[in-house]
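Okay, structure first, notes after.
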Amino acid sequence: MSRVPVLVLRTAGINCDEETMYAWRLAGADPALVHVNRLAENPGMIDDHAILTIPGGFSYGDDIAAGSILAQRLACGLTDRLSAFVDRGGGILGICNGFQVLVKAGLLPGGPDGRAKVTVTYNDSAKFEARWVRLEVSTDRCPFLARVLATRSNTEDGEGVKPHRQSSAEPTRNPTRPRDSDGVEDDPHREDDALNCDGTNTAHAASRGLKPAAQVGAPNPTHLEMPVEHAEGKVVVANGDVLDELTGGGFVALRYVDADGQTDVYPANPNGSDGGIAGLCDATGRIFGLMPHPDRAFEHTHHPHWTRRQSDGPPDGLVVFQNAVAHWS
Amino acid sequence: MPPGNRKILAAVCGAVSAARPRFFGGVALMVEPQVDTGLYWHIVVSPRDPRLDGAGRGIRADVVQLGLDHIEAVRSSKVYLLRGHLSRGEVEQLAQTLLTDPVAEVCTFGPGLTDRPEAVAAIEVHSLPGVMDPVSISTLDAVRRWLRSRGVAEDAVDAVRTARRYEIVGARSADELETIALRVLANKCIESPYVRGFGRDDALPAAFPEPPVAPFELRHVPIRSLSDQELQRLSRDRHLFLSLGEMRAIVDHFADLGREPTDLEIETLAQTWSEHCVHKTFKSEIEYRGEDFGKTGEVTVRFASLFGDTIARTTRRLDRDWCLSVFVDNAGVIAFDDEFGIAFKAETHNHPSAIEPYGGAATGIGGCIRDIMGCGLGAKPIASTDVFCLAPPDFDHARLPKDVLHPRRVYKGVVRGVRDYGNRMGIPTVNGAIYFDERYLANPLVFVGCVGIIPRDRIEKAPHTGDKIVVAGGRTGRDGIHGATFSSAELTDTHADEFSHAVQIGNAIEEKKVLDAMLLARDHPSGCLYSAVTDCGAGGLSSAVGEMGETLGAVVDLETVPLKYSGLRYDEIWISEAQERMVFSVPPENLDKMLRVFADEDVEATVIGEFASDGMLHVRYDGTTVGQLDMRFLHDGLPKTVRKATWKRPVALSTKDGGTGNGRGGGSTGGVTTDDLLAALGEFNTASKEWVIRQYDHEVQGRSVVKPLVGPGDGPSDAAVLRPRYESNRGIAIGCGLCPELTEIDPYVMAVAAVDEALRNVVCVGADPHHTAILDNFCWGKCDTEETLGALVRACRGAADAAECYGLPFISGKDSLNNEFSQSEEDARRLGLPVQMAIPGTLLISALGIVDDVRRAVTMDLKQPGSCLVLASAPVDRVGLEVARDLHHRVAKLVRTGAVLASHDVSDGGLAVAIAEMCIASKLGATVEIDRSVFADSILANVQTTYVLEMREDAANECGLPIIGRVDGDPSLRITIDSADKIECSIDALASAWRSEALHAQ
């Protein structure tokens, strides 16, 4: 089976392209990094790909407003091309700045007057904030999310996980395996051979006598945990009717929730987003954007509490990419 | 001339004050600006709803801090000024669709000159002309694209500027508005506020000012006939900051040549010979007389070179084969694995940050990132660090010296500066510290560090004769003139005014573009397209080209340098420190490919000259020679000096604390109560820095393994761990050590303690102490007195001795001297401050250690109720350094073999605070019994080198270190000291004491 071709767009100020490329590869896709100037010269290249990704960053410095100048660049000349791409079944993923771009280009939530309904603007705290959040999947039509539950159980036997990236010097390492079975292999640079025996010398959680994850805050299968890192991530809707329409219509893809399921309590909702909206999808579900960063949650060691828990299954961020690969394969 | 216009004129002329003309090259810049009479539009974009105005709320919080708590609200807006010929309808459409968010914002607009009368008091803040305004550049591009898409000629708009506007609700007088404008909203070095209300009605500038055009004129500076006194005056008036001996050496050189130097030649020598660029104090020969190093008794020691005989000697003696590049490049490089090295560099940007904290800190981190980019043939930055030394943010406003910014403003400004630059570049800020002490009031210290990854076959570089000199990135303007010499001077209460032209504003996106293009050229399919690269930092092109061509010589044609605006003089082009520029040497056969790569990335790259073979630095403007210097004189002509240094132990402090690393925090030796612990946790130097840390993106690039805040309670991590290569589990740990509170007692001990702390921090998270390198960054006062220099000598020896014993090679470093501030006696008396304010001698040690397997990294949050707390502690002194070293190695082994569940370094606040932090981080409790005899000194103060380790019972029993307590599921901390004093407190109470409100400025 050939790998899912993904176009990862970059431009001045996009700065999450490297990890986004890597996350796609880890999930089994075949990503290509393309500067927006090259895409503008040759818009047809998008049709060679199944998914377009706009990564995070500060495109054009986020001058005027976050994502607005790149949105304008896409809107001037590429709108029709992108619509046709999605109509033919293509997917678009916008992460953080990419989400802001999709909203400001009118692609999310989409529809004739979508741009007048929703925007993304300054956090209530009026400053950049970095923290991990808990997300509830709130739609069933977004292929990037729809299989959260299914993928989690499937990946136990490795589906959708194709490790590549090994240089010849590095032995194979499957990053989605639990840390327990993984902690003892093979670092050619390791100086202390004592580290290579098992039992008390391995560093993993079980040998440290830690309890299973369930007792120290296990990931809930219908929830995802990943970081937000932004200054302009507050989703604002024009009015209450719009919020009802988005929620009822399945456009709200992800919501910030705290341990009690509340969506409006800071800092679980880190920016004051209306309705706790953390991500949106369009009417097809194939255009999906989110403020949080799945591209910074593709390893178990990315989780801020990884040293105090055991983790099973793929890391939450990787799930998003794996879902897409499974859908577009 | 109305005051507004005068201000504009002054600013246009490169911040030359109209009242006090300043001289550049002997010609006063008083050219009248050409005023454009074209129409401009004034567009104001405001939040649709006050609830969306977080910026306004933040400003109001600052205003309330000034004591103006009757101000009900501040409403903020963005302002765009568009110059051009558009109809009202076109402007309206443009403003609505491009500049205003349809959901969150509303806009109003009008022709610039017809400001409506203000219904409420308002302040508009505009950048001074000539000050970098990155938003205006991208906005102009976007406006033109918008015009094009609608079939309007894109040159209908020919210039854009941006400004900020604030409505002040509840203000009572024009004076109050003026106070708010100057104390909160605008920094007059780079901005000018326009105030409206209560009869005050500042006229906005009537047009876009144009910079003055200076016709070409070659200028010589007659020096050969000047007396000593006249030479000294010339040095001061031209801001050369050269000593009389150095001026004399220049006179002799040109007397030999039989001509007078040009202004450009004098400037080039001053930049190259500045303390900032050449580190002459560290390279000078020094005779030290005073107390022996780490021992009692008097000695006389001669250092042929202070640096060579201390810091560099340690590295030389250790001779580690994993040190791939030390001291010779923009950054030091150590081996990471067989394919890659890790580059590390830390710098300071103190003087600019004192005057303009935001721009100073931003360009500080920007410059340090460029050092990593300019290391070898280019390293890719993967992490940044920042350390600030500031006066406490609650300092009494009434005691602030003239032209000194309030520490709270500095604190917020430097954090914003590092945040905006680092976050935009996409480089995570992963480690740092903030240290508060009143002595940093007028001289805040801003340390910035950067870590990069570089292929091992890209470390060597050298330009060749005939290679083209290519400057790439930002354009050159009048910003940052004289930064290098300014950094080498002491600050006075007139500096903010005199040196505002040394202040720069960064443009992170431009630097990111240069980085993207550079890496493409480095990794080009046909091989690296250039033979050498360096950054354009202090001294601008003069330093960059002067350094690259040191052995070859170079010819530069200054008229080819791309300019932000026309009319710069040749010497301004040569020494401008305009940001975001890199200089490459490109073999002629690669030139087309190189320029193509940069053009594809929208980065301007221009050939400005060529490397030569005659050893001469030949600078031309339009064919006329404007400078011709022998590289040998430029780089080796600086007269060598012999300096004397002395040091005497202060009497009052000499008895108990000497030589042991004692004295931290001054904790009492008497009874210790719960209240003592709560107070210690709330001390600024101990309290949570979460407000700062969360503003930094610490995870971008997806390499994060151990973050700055750890555990469910967000405890303070000892060091950061990163995975430089996604596909490998090998990692790096980054930590720092800083103990300026010990300098007063003994700078030698201070330096030993700083090295020890840096090592402790990386050992805690799992670094290999046998594969750890360090950086030294010294910030000192004026070293022209024997005592201050003596203190510096002791610090250098302390750092070198500790590093040698611990096996930690220095790989790079930097010093910033003259961190002093002088004011009039009258002011000093009135404010209760010294006339001459000097910082405590400060040494930052940054550590970079290899972590064999990041999956074995350890964090400081407690993990498991029932496990044991183990104390690992040893004295740190000259005699005991080996004992301390063995302790570090022992702890490192325990951590790296997985025997340790949590580990934490005992630093500010002492043992009780360290344990409390581990509890706060985990939300778990602990029961601890401390036998005071374990320590030489107090419980609350750091006494020695100490770790607290959490271990399982069997491992704890096995390791042979004393067990002092147990982890409890019950969230409270109980400490018994000598079976007598008792501390008992809930973890919630500890946590709330630790989260000091004062450090969480809104």
Residue pairs qualifying under the 9 Å Cβ cut-off, at least six apart or on distinct chains, with the first in region B:692-703 being closer than 20 Å to B:ARG725 by Cβ and the second being charged (D, E, K, R) and part of a loop (DSSP other than H, G, I, E, B), are B:HIS698/B:LYS707; B:GLU699/B:LYS707; B:GLY702/A:GLU299; B:GLY702/B:ARG723; B:ARG703/B:ARG723; B:ARG703/B:ARG725
Scanning region B:765-792 for residues that are surrounded by 24 or more Cβ atoms within 10 Å (Cβ to Cβ) and β-branched (Val, Ile, Thr), the one farthest from the other protein chains (Cβ to nearest Cβ) turns out to be B:ILE774
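Please report, ordered by residue number, the strands (runs of 3 or more DSSP E) entirely within region A:237-306 with at least 3 residues that are more than 18 Å from A:ASN97 (Cα to Cα) and either of a type in the set (Phe, Trp, Tyr) or over 15 Å from the mean Cα position of the chain (by Cα) (or both).
Values: elements: A:252-256, A:277-281, A:287-290.
In region A:237-306, there are no strands (runs of 3 or more DSSP E) which contain 3 or more residues that are more than 18 Å from A:ASN97 (Cα to Cα) and either of a type in the set (Phe, Trp, Tyr) or over 15 Å from the mean Cα position of the chain (by Cα) (or both).
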The residue that is surrounded by the most Cβ atoms within 10 Å (Cβ to Cβ), considering only those in region B:318-336 that are touching a helix residue (DSSP H, G or I) at 6+ places or on another chain (Cβ under 9 Å) and within 14 Å of chain A (Cβ to nearest Cβ), is B:PHE336
When every residue in region A:221-235 that is surrounded by 24 or more Cβ atoms within 10 Å (Cβ to Cβ) and within 9 Å of chain B (Cβ to nearest Cβ) is compared, the one farthest from the chain's Cα centre (by Cα) is A:LYS234
If we keep only residues of region B:741-764 that are crowded, with 24+ Cβ neighbours inside 10 Å and charged (D, E, K, R), then the residue farthest from the chain's Cα centre (by Cα) is B:ASP746
For region B:62-74, pairs from a residue that is closer than 16 Å to B:HIS397 by Cβ to a residue that is surrounded by 14 or more Cβ atoms within 10 Å (Cβ to Cβ) and at pLDDT below 85, with Cβ under 8 Å and 6 or more apart or across chains, are B:ASP62/B:ALA1001; B:ASP62/B:GLN1002
Contact list, first residue from region B:147-164 and at pLDDT 90 or above, second anywhere and among the hydroxyl-bearing types (Ser, Thr, Tyr), beta-carbon distance below 7 Å, six or more apart or interchain, is B:VAL160/B:TYR80; B:VAL160/B:SER136; B:VAL160/B:THR139; B:ARG161/B:SER136; B:THR162/B:TYR80; B:THR162/B:SER136; B:THR162/B:THR139; B:ARG164/B:SER76
Reported set for region B:802-817 where residues are touching an Asp or Glu at 6+ places or on another chain (Cβ under 7 Å) and either surrounded by 24 or more Cβ atoms within 10 Å (Cβ to Cβ) or of a type in the set (A, V, I, L, M, F, W, C) (or both) is B:ALA802, B:CYS805, B:PHE810, B:GLY813, B:LEU817
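Would you call A:GLY275 closer than 30 Å to B:ARG51 by Cα, touching a residue at least 12 places away in the same chain (Cβ under 8 Å), away from every other protein chain (no Cβ under 12 Å) and crowded, with 22+ Cβ neighbours inside 10 Å? Lay out the reasoning, then the answer.
On the way: closer than 30 Å to B:ARG51 by Cα: yes; touching a residue at least 12 places away in the same chain (Cβ under 8 Å): yes; away from every other protein chain (no Cβ under 12 Å): yes; crowded, with 22+ Cβ neighbours inside 10 Å: no.
No; evaluated as a whole, the condition is false for this residue.
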Selection from region B:110-125 of residues modelled with pLDDT of 90 or more and under 18 Å from B:ARG161 (Cα atoms) yields B:ILE123, B:GLU124, B:VAL125
Within region A:10-31, the residues that are among the hydrophobic types (A, V, I, L, M, F, W, C) and either more than 28 Å from B:PRO428 (Cβ to Cβ) or within 17 Å of the chain's Cα centre (by Cα) (or both) are A:ILE14, A:CYS16, A:MET21, A:ALA23, A:TRP24, A:LEU26, A:ALA27, A:ALA29
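Test B:GLU124 against the criterion of being away from chain A (no Cβ under 14 Å), out of contact with any Leu (no Cβ under 6 Å at 6 or more places or on another chain), free of Cβ contacts under 8 Å to residues at least 24 places away in the same chain and charged (D, E, K, R), and give yes or no. Before the answer, list the steps.
Working: away from chain A (no Cβ under 14 Å): yes; out of contact with any Leu (no Cβ under 6 Å at 6 or more places or on another chain): yes; free of Cβ contacts under 8 Å to residues at least 24 places away in the same chain: no; charged (D, E, K, R): yes.
No, not satisfied.
Looking at B:ARG164, is it in contact with a helix residue (DSSP H, G or I) (Cβ under 7 Å, 6 or more places away or on another chain) and closer than 21 Å to B:ASN507 by Cα?
no
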When every residue in region B:627-661 that is part of a loop (DSSP other than H, G, I, E, B) and among the hydroxyl-bearing types (Ser, Thr, Tyr) is compared, the one modelled with the lowest pLDDT is B:THR660
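Could you please let me know if B:LEU848 is modelled with pLDDT of 95 or more and away from every other protein chain (no Cβ under 14 Å)? Don't jump to the end; show me each part of the working.
On the way: modelled with pLDDT of 95 or more: yes; away from every other protein chain (no Cβ under 14 Å): yes.
Considered against the rule, which asks whether it is modelled with pLDDT of 95 or more and away from every other protein chain (no Cβ under 14 Å), B:LEU848 comes out as yes.
Has region B:694-710 got at least one residue that is in a strand (DSSP E or B), within 14 Å of chain A (Cβ to nearest Cβ) and within 20 Å of B:VAL446 (Cα to Cα)? Even if it seems obvious, please write down each step before you answer.
In the first step, residues of region B:694-710 are kept if they are in a strand (DSSP E or B); the result is B:704-706, B:709-710.
Going one step further and asking which of them are within 14 Å of chain A (Cβ to nearest Cβ), we end up with B:704-706, B:709-710.
After this cut, where a residue has to be within 20 Å of B:VAL446 (Cα to Cα) as well, the list is none.
No, region B:694-710 has no match at all.
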Within region B:432-469, residues within 14 Å of chain A (Cβ to nearest Cβ) and not small (Gly, Ala, Ser) come out as B:ILE453, B:PRO455, B:ARG456
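Can you say whether B:SER274 is surrounded by fewer than 21 Cβ atoms within 10 Å (Cβ to Cβ), in contact with a helix residue (DSSP H, G or I) (Cβ under 6 Å, 6 or more places away or on another chain) and touching a residue at least 12 places away in the same chain (Cβ under 8 Å), as far as the supplied structure shows?
Details: surrounded by fewer than 21 Cβ atoms within 10 Å (Cβ to Cβ): no; in contact with a helix residue (DSSP H, G or I) (Cβ under 6 Å, 6 or more places away or on another chain): yes; touching a residue at least 12 places away in the same chain (Cβ under 8 Å): yes.
Taking the combined requirement at face value, the residue does not satisfy it.
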By my count, strands (runs of 3 or more DSSP E) wholly in region A:30-146 with at least 3 residues that are in contact with a helix residue (DSSP H, G or I) (Cβ under 9 Å, 6 or more places away or on another chain), modelled with pLDDT of 95 or more and not charged (D, E, K, R) are A:51-54, A:91-95, A:118-121
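Within region B:717-724, identify whether any single residue is touching an Asp or Glu at 6+ places or on another chain (Cβ under 6 Å), more than 8 Å from every other protein chain (Cβ to nearest Cβ), farther than 24 Å from A:GLU19 by Cα and not in a strand (DSSP E or B), and answer yes or no. Lay out the reasoning, then the answer.
Step one: of region B:717-724, the residues touching an Asp or Glu at 6+ places or on another chain (Cβ under 6 Å) are B:718.
Keeping just the survivors that are more than 8 Å from every other protein chain (Cβ to nearest Cβ) gives B:718.
Remaining after also requiring farther than 24 Å from A:GLU19 by Cα: B:718.
Add one more test, that the residue is not in a strand (DSSP E or B), and what stays is B:718.
Yes, that holds for at least one residue.
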The condition from (1) within 22 Å of B:ARG145 (Cβ to Cβ); (2) more than 10 Å from chain B (Cβ to nearest Cβ) that A:ALA50 misses is numbered (1)
Residue count, region B:287-333, condition on the phi > 0 side of the Ramachandran plot and charged (D, E, K, R), comes to 1
Subset of region B:855-884, residues more than 9 Å from chain A (Cβ to nearest Cβ), surrounded by 21 or more Cβ atoms within 10 Å (Cβ to Cβ) and farther than 20 Å from B:LEU911 by Cα, comes to B:LEU881
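The values are calculated or read from the model by the stated rules, or taken from the named source; none is laboratory data. Given the structure is predicted, the values throughout are model-derived calculations rather than measurements. With ideal geometry, Cβ positions are generated from the backbone for all residues, glycine too; neighbour counts draw on all protein chains shown.
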